[in-house]
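Some notes on the structure that comes next.
The values are calculated or read from the model by the stated rules, or taken from the named source; none is laboratory data. Every value quoted in this text rests on a predicted model; they were computed, and no experiment measured them. When we count neighbours, we look across all protein chains shown, and the Cβ atoms used for this are built from the backbone with ideal geometry, even at glycine. Accessible surface areas use protein heavy atoms only, side chains included; no ligands, DNA or RNA. Shrake-Rupley method; radii C 1.70, N 1.55, O 1.52, S 1.80 Å.
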Amino acid sequence: MIAGDVLGLIGAGLAAGVVSTVVSLASIVSYPALLAFGLPPLTANVTNTVALVFTGVGAAAGSRPELAGEGRRMLRLGPIAALGGATGALLLLVTPARTFELIAPWLIAMASLLLVRPPSGGGRGEHGTPGRIALFAVTCYTGYFGAAGGILLFAVLTAMFDHPAAKLNAMKNVLSGLANAVAAVGFALFGPVDWSAAPPLAAGFLLGGWVGPKIARRLPGHSLRYLAAACGLAVAIKLGWDSYAG
């Protein structure tokens, strides 16, 4: 890989890391970039997941104000997210993706619509069984398919907790990072990762993940939820078109 390719992947990772931490859509930047650099689709997918781990690292470092006081809660929710990511990665390695491709647009559209409804004024909390099941299901999806998985997770956390959007976004970044990290281990061991492309992309992700929370906390009011919802609906329409009409 020549120097221009390395710089291009760092730039793509930087942009994708910011997009990931703000509106949860890293792959709309990084996955096409990997394809443009000549990687086959499956290799691009698993390489992207491995590099995405560093977005979570950068986001955790950049979200310390929002994560203050959430340590115990994240320790309780983290294992659920990790187990979901591991389950999703296993499913990706042993099953065809067609079923999830057909379901994904509907899941993303419903989650996006949930984000624009007025807050209910009180979350159900992480101790409720429905919330834990939803968290596991969404992180399983993140490990398996991933497109707009952060938006699904943001919607689940919005239903579980009555927190400001910036705090929910920070929690989402950490939990999705855990799910990606566990999935990445499986892909690193058993998937066709391109190890020449992963490091520069990861470096960009790390920087973008650190910068993204600084942007998110400056968005006024509920604009973060509305922006994520709009982007999610756009992705749902695009995925739906590709899956059903393509």
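Details
Here's the yes/no breakdown for (1) of a type in the set (Phe, Trp, Tyr); (2) surrounded by 24 or more Cβ atoms within 10 Å (Cβ to Cβ):
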{"position": "Phe154", "(1), (2)": "yes, yes"}
{"position": "Phe205", "(1), (2)": "yes, yes"}
{"position": "Pro213", "(1), (2)": "no, yes"}
{"position": "Ile237", "(1), (2)": "no, no"}
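- Residues located in region 37-47, provided they are open to solvent by less than 20 Å² (accessible area, probe 1.4 Å), among the aliphatic types (A, V, I, L, M) and part of a helix (DSSP H, G or I): Ala44, Val46
- Selected residue (criterion: modelled with the lowest pLDDT) from residues of region 75-103 that are among the β-branched types (Val, Ile, Thr) and assigned to a helix (DSSP H, G or I): Thr99
- Residue count for region 177-207 satisfying the condition of being modelled with pLDDT under 90 and either under 18 Å from Leu25 (Cβ atoms) or acidic (Asp, Glu) (or both): 3.
- Residue match in region 48-61 (condition: open to solvent by 70 Å² or more (accessible area, probe 1.4 Å), modelled with pLDDT of 85 or more, outside any loop (DSSP other than H, G, I, E, B) and under 25 Å from Gly212 (Cα atoms)): yes
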